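Novice: I'd like to ask some things about the structure below.
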Amino acid sequence: MTTRVPFDLDRYLEGIKTRPCFICGCVANDPSFFHHRVYEDSETIIFLSKYPTLQGYCLVCPREHREDLSKDLNKAEYLRLQEMVYLLSRALKTAFNAERIYVLSLGSQQANSHLHFHVAPLPRGVPLEKQQYNALMVENGILQIDELEMARLAERIRIALTAEMTDQQASSSD
Ligand SMILES: [Zn+2]
């Protein structure tokens with residue numbers, strides 16, 4: 001069982017206010033914005049959160065820098081992004097035998113303005129008072145997962161996601 005370690009929120013907030021967009025940096029393969037990638041296509045990129053509070057915690061993002069969920073995506077673009085959120089949710093459910101899948105769009109105009117969806121699997125057996133926001137907040141500490149294990153997690157999710165995408169293609173061509 002992976003335990004949580006304290007997270008330096010003040011330092012993190014100071015850092016994200018001054019750095020360039022971390023999602024655009026990841027898309028551009030800037031090593032200072034490296035994240036373990038799960039999936040990418042011409043429109044979407046999915047990678048593991050660098051500060052996970054749950055195992056398998058992913059971010060789903062448009063590759064292009066879009067900010068306003070209600071204005072910067074047309075309906076078709078939004079629905080394609082949501083389709084990836086749906087398929088990833090199914091993959092996380094399978095890969096982690098999750099009790100629930102949490103989905104949030106967060107971000108801030110002061111930092112992390114690039115639109116992204118948090119998609120995170122809640123394990124079975126977490127006490128009620130430790131579920132929901134409590135399970136997601138970095139203020140309650142983050143999981144200490146080494147790089148090798150992060151790469152393994154990304155691979156595990158990638159395999160499950162590929163299976164979901166294959167199933168979907170098969171059912172849509174029936
Ligand atoms: Zn960006």
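Novice: Can you find a residue that is in contact with a Lys or Arg (Cβ under 6 Å, 6 or more places away or on another chain) and either crowded, with 16+ Cβ neighbours inside 10 Å or within 14 Å of Y57 (Cα to Cα) (or both) anywhere in region 146-157?
Specialist: no
Novice: Can you name every residue in region 93-130 that is among the acidic types (D, E) and touching a Lys or Arg at 6+ places or on another chain (Cβ under 6 Å)? Don't jump to the end; show me each part of the working.
Specialist: Here is the first cut: in region 93-130, the ones among the acidic types (D, E) are 99, 129.
If the condition is that a residue be among the acidic types (D, E) and touching a Lys or Arg at 6+ places or on another chain (Cβ under 6 Å), then E99 is the only one that fits.
Novice: Looking at L88, L69, L79, L59 in this structure, which one is surrounded by 19 or more Cβ atoms within 10 Å (Cβ to Cβ) and not in a strand (DSSP E or B)?
Specialist: The conditions single out L88.
Novice: Here is a further query. Can you tell me which residues in region 108-145 are within 16 Å of the ligand (Cβ to nearest atom), in a loop (DSSP other than H, G, I, E, B) and in contact (Cβ under 8 Å) with a residue 12 or more places away in the chain?
Specialist: Answer for region 108-145, where residues must be within 16 Å of the ligand (Cβ to nearest atom), in a loop (DSSP other than H, G, I, E, B) and in contact (Cβ under 8 Å) with a residue 12 or more places away in the chain: Q109, Q110, A111, N112, S113, H114, L115, H116.
Novice: Give the residues of region 15-69 that are under 14 Å from N112 (Cβ atoms), of a type in the set (S, T, Y) and modelled with pLDDT of 95 or more, sorted by residue number.
Specialist: Within region 15-69, S49, Y51 qualify.
Novice: Right, something else. Return the residues of region 27-49 that are away from the ligand (no atom under 16 Å from the Cβ), within 23 Å of F7 (Cα to Cα) and assigned to a strand (DSSP E or B); say none if nothing qualifies.
Specialist: Selection gives L48 alone.
Novice: Additional query: Restricted to region 50-60, and to residues that are under 8 Å from the mean Cα position of the chain (by Cα) and within 16 Å of the ligand (Cβ to nearest atom), which residue is farthest from A76 (Cα to Cα)?
Specialist: Filtering region 50-60 for residues that are under 8 Å from the mean Cα position of the chain (by Cα) and within 16 Å of the ligand (Cβ to nearest atom), the one farthest from A76 (Cα to Cα) comes out as L59.
Novice: Which members of region 91-107 meet the condition of being charged (D, E, K, R) and not in a helix (DSSP H, G or I)?
Specialist: E99, R100
Novice: Please go through region 116-160 and pick out each residue that is of a type in the set (F, W, Y) and farther than 21 Å from R37 by Cα.
Specialist: The answer is Y133, and nothing else.
Novice: So which of L69, L87 is in contact (Cβ under 8 Å) with a residue 24 or more places away in the chain and more than 16 Å from the chain's Cα centre (by Cα)?
Specialist: Checking each option against the conditions leaves just L69.
Novice: Could you check region 104-122 and list, in sequence order, the residues that are under 19 Å from K50 (Cβ atoms), out of contact with any His (no Cβ under 7 Å at 6 or more places or on another chain) and among the aliphatic types (A, V, I, L, M)?
Specialist: A111, L115, V119, A120
Novice: Still on this structure, please answer the following. If A163 meets every condition in (1) free of Cβ contacts under 8 Å to residues at least 40 places away in the same chain; (2) farther than 27 Å from F33 by Cβ; (3) hydrophobic (A, V, I, L, M, F, W, C) apart from one, which number is that one?
Specialist: Unmet for A163, out of (1) free of Cβ contacts under 8 Å to residues at least 40 places away in the same chain; (2) farther than 27 Å from F33 by Cβ; (3) hydrophobic (A, V, I, L, M, F, W, C): (1).
Novice: Where the second residue is within 11 Å of the ligand (Cβ to nearest atom) and in a helix (DSSP H, G or I) and the first is in contact (Cβ under 8 Å) with a residue 24 or more places away in the chain and farther than 19 Å from E64 by Cβ and lies in region 9-24, which pairs have Cβ atoms under 9 Å and are six or more apart or on separate chains?
Specialist: From residues that are in contact (Cβ under 8 Å) with a residue 24 or more places away in the chain and farther than 19 Å from E64 by Cβ, the pairs are I16/F22.
Novice: Looking at region 68-91, is at least one residue in contact with a strand residue (DSSP E or B) (Cβ under 7 Å, 6 or more places away or on another chain) and among the aromatic types (F, W, Y)?
Specialist: For region 68-91, residues in contact with a strand residue (DSSP E or B) (Cβ under 7 Å, 6 or more places away or on another chain) and among the aromatic types (F, W, Y): absent.
The values are calculated or read from the model by the stated rules, or taken from the named source; none is laboratory data. As the structure is a computational prediction, the values presented were derived from the model and not from experiment. Cβ sites come from the backbone with ideal geometry, for glycine too, and all protein chains shown count toward neighbours.
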